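What follows is a short report on a single structure.
The values are calculated or read from the model by the stated rules, or taken from the named source; none is laboratory data. Bear in mind that the values here come from a model prediction, so they are computed numbers and not experimental data. Here Cβ is always computed from backbone atoms with ideal geometry, including for glycine, and neighbour counts include all displayed protein chains.
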Amino acid sequence: MLQYVSPLVLLLISNVFMTFAWYGHLKNFKSSALWIVILASWGIALFEYIFQVPANRLGSEVYTLPQLKIMQEVITMVVFAGFSYWYMGQPLKLDYLWASLCLIGAVYFLFR
């Protein structure tokens, strides 16, 4: 069971770092020089890769490549929804639900 769950947990952690590396600077570093923001984002992205590479390495032992990719996309959307709502203060819209249902459909077709 651990071999199936470990990649998911590692991908979740990786996506938290990825989301902050890609979008976190939009809240607190808008007035900072671009090169500073790039370096900070690269620093955060290092931790993303520290979790993402083992997640894919371990995940490839029990999941197919398309399954790993779709899981990563679903995790990304869940993390991004939480990030945009709680950290960035963006409202959640009904369109996000419809997009999520499309991703659930993708998961269904890859795992059936």
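Here the condition is being of a type outside the set (A, V, I, L, M) and either touching an Asp or Glu at 6+ places or on another chain (Cβ under 8 Å) or part of a helix (DSSP H, G or I) (or both); of Glu48, Glu61, it holds for Glu48 alone. Note on the range 17-36: among residues that are surrounded by 18 or more Cβ atoms within 10 Å (Cβ to Cβ) and in a helix (DSSP H, G or I), the one that is farthest from the chain's Cα centre (by Cα) is His25.
Per-residue answers, yes or no, for (1) touching a helix residue (DSSP H, G or I) at 6+ places or on another chain (Cβ under 7 Å); (2) hydrophobic (A, V, I, L, M, F, W, C); (3) surrounded by 13 or more Cβ atoms within 10 Å (Cβ to Cβ):
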| residue | (1), (2), (3) |
| --- | --- |
| Ala45 | yes, yes, yes |
| Glu48 | yes, no, yes |
| Pro54 | yes, no, yes |
| Leu58 | yes, yes, yes |
| Pro66 | yes, no, no |
| Ile70 | yes, yes, yes |
| Thr76 | yes, no, yes |
| Phe80 | yes, yes, yes |
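For the range 73-112, a tally of residues being closer than 15 Å to Phe20 by Cα and part of a helix (DSSP H, G or I) returns 13. Restricting the first member to the range 64-85 and to residues that are of a type in the set (Val, Ile, Thr), and the second to residues that are at pLDDT 90 or above and part of a helix (DSSP H, G or I), the beta-carbon pairs closer than 6 Å and six or more apart or on different chains are Ile75/Leu11; Ile75/Leu12; Ile75/Asn15; Thr76/Asn15; Val79/Asn15; Val79/Val16; Val79/Thr19. Looking across the range 1-16, the residues that are assigned to a helix (DSSP H, G or I) and either more than 13 Å from Val53 (Cβ to Cβ) or among the small types (Gly, Ala, Ser) (or both) come down to Leu2, Gln3, Tyr4, Val5, Ser6, Leu8, Val9, Leu12, Ser14, Asn15, Val16.
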